[in-house]
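In what follows, a structure is listed as structure tokens, so that the remarks can point back to it.
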Amino acid sequence: LTQDAPPGDEAPAESPNSIVFKNATVKTPAGHTLIRDLNLVIEEGTNLLVTGPNGAGKSSLFRVLGGLWQLEEGFVSKPRRNASDRGSAKGDEGLAADIFYVPQKPFVSVGTLIGQLIYPSTVDKDRKLVDNPELLRELLRKVDLLYLLTDFGRYSSNAEDDISVSSKDSSDWSEDSVKKGDLAVLDASTTVVNWAEVLSLGEQQRLGMARLFYHKPRFAILDECTSGVTNDMEERFCEIVESMGCTCITISHRPALVAFHDKVLHLDGEGGWTLNDLKHSNEASSSEEDEEESDQDQSDDITRS
């Protein structure tokens, strides 16, 4: 999982617990330099927030991690898959086995509701939500999409025979009302729907977060994936991810999310970057006056231009 090193250079050792960029230069396919000489270690358990102006290259880092773009210079290494995953269905999922990507506009397709929730897995390999309706309900409840089970008849060809409601507020539905709709749960695994036409962008983003909660990866790349939900819901999702023990690499313009991250990588749009360790900064700020009198440089920012 490490990009090959040019002759005479040494690539960083592949780590089972971290993502590493070493002297990494990222360019667009047209040759425009986005990030120059990036040195960054994202250790498991350390959440990173990526900021910068539009076009600065924030999403390009994720394209490199996903293997869509090659580095112009330098190296990147990603966590090894667990030995127990090799040869298993999970191991065959490649990047998603350890690093799960949630984009601003999640991929939704023509298929069943359960098929959307477990993507990139498939029902023939993973039947947990089919065999455990309560797990399905709990997953939908976390992202305020529980109403999809009771509204599901609206999306099927025989809507008049199914449960159909007009409200899209999951709080309108009690546990008993949903449990009585076990036929709707069955429909969630059999009825084929064009979800791109049925769901709004905000609903699709909540579906994307439900996928993350279901797969429970070690690392998650969150690329403006909650721009269509409320601030309160976004913060609640961050708390859920934190409780899962999942390490996040997040792109977001919402200041409130800084509180859920340990480091901030800022890209200036001209190839330069700044890495700020928030925990170290907080500790240092309590002794700011002493630092100003010291001859030793105690800056928390590491800058490359």
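The values are calculated or read from the model by the stated rules, or taken from the named source; none is laboratory data. What you see is a predicted model, and the numbers here were worked out from it, not measured in a lab. Backbone-built Cβ (ideal geometry, glycine too); neighbour counts: all protein chains shown. Accessible surface areas use protein heavy atoms only, side chains included; no ligands, DNA or RNA. Shrake-Rupley method; radii C 1.70, N 1.55, O 1.52, S 1.80 Å.
Residues that are of a type in the set (A, V, I, L, M, F, W, C) and open to solvent by 20 Å² or more (accessible area, probe 1.4 Å) within the stretch 232-263 comprise MET233, CYS238, ILE240, MET244, ALA256, VAL258, ALA259, PHE260, listed in sequence order.
For the stretch 18-72, a residue qualifies if it is more than 20 Å from CYS248 (Cα to Cα), polar (S, T, N, Q) and not in a loop (DSSP other than H, G, I, E, B), and the qualifying residues are ASN23, THR25, THR33.
Conditions (1) at pLDDT 80 or above; (2) open to solvent by less than 50 Å² (accessible area, probe 1.4 Å), marked per residue:
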residue	(1), (2)
ASP9	no, no
PHE21	yes, yes
VAL26	yes, yes
LEU34	yes, yes
ASN39	yes, no
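Working only within the stretch 214-273, note down all residues that are over 15 Å from GLN104 (Cα atoms) and among the acidic types (Asp, Glu). Scanning the stretch 214-273 gives ASP232, GLU235, GLU239, GLU242, ASP262, ASP268, GLU270.
What residue, of PHE107, PHE100, is closer than 24 Å to GLY208 by Cβ, touching a helix residue (DSSP H, G or I) at 6+ places or on another chain (Cβ under 8 Å) and either modelled with pLDDT of 90 or more or surrounded by 21 or more Cβ atoms within 10 Å (Cβ to Cβ) (or both)?
Just one listed residue meets the conditions, PHE100.
Across the stretch 57-80, what is the total count of residues that are among the charged types (D, E, K, R) and touching a helix residue (DSSP H, G or I) at 6+ places or on another chain (Cβ under 8 Å)?
The first filter runs over the stretch 57-80 and keeps only residues among the charged types (D, E, K, R), leaving 58, 63, 72-73, 78, 80.
Filter again for touching a helix residue (DSSP H, G or I) at 6+ places or on another chain (Cβ under 8 Å), leaving 78.
Counting residues in the stretch 57-80 that are among the charged types (D, E, K, R) and touching a helix residue (DSSP H, G or I) at 6+ places or on another chain (Cβ under 8 Å) gives 1.
Screening LEU145 with (1) outside any helix (DSSP H, G or I); (2) within 24 Å of the chain's Cα centre (by Cα); (3) surrounded by fewer than 18 Cβ atoms within 10 Å (Cβ to Cβ) gives one miss only, at (3).
Just need a number here: residues in the stretch 122-140 that are free of Cβ contacts under 8 Å to residues at least 40 places away in the same chain and either of a type in the set (A, V, I, L, M) or not in a helix (DSSP H, G or I) (or both). Break it down stepwise before answering.
Filtering the stretch 122-140 down to residues free of Cβ contacts under 8 Å to residues at least 40 places away in the same chain leaves 122, 124-128, 131-132, 134-135, 138.
Filter once more, keeping what is either of a type in the set (A, V, I, L, M) or not in a helix (DSSP H, G or I) (or both): 122, 124-127, 132, 135.
Matching residues across the stretch 122-140 total 7.
Taking the criterion of being small (Gly, Ala, Ser) and open to solvent by 20 Å² or more (accessible area, probe 1.4 Å), the only residue of the stretch 264-277 that qualifies is GLY269.
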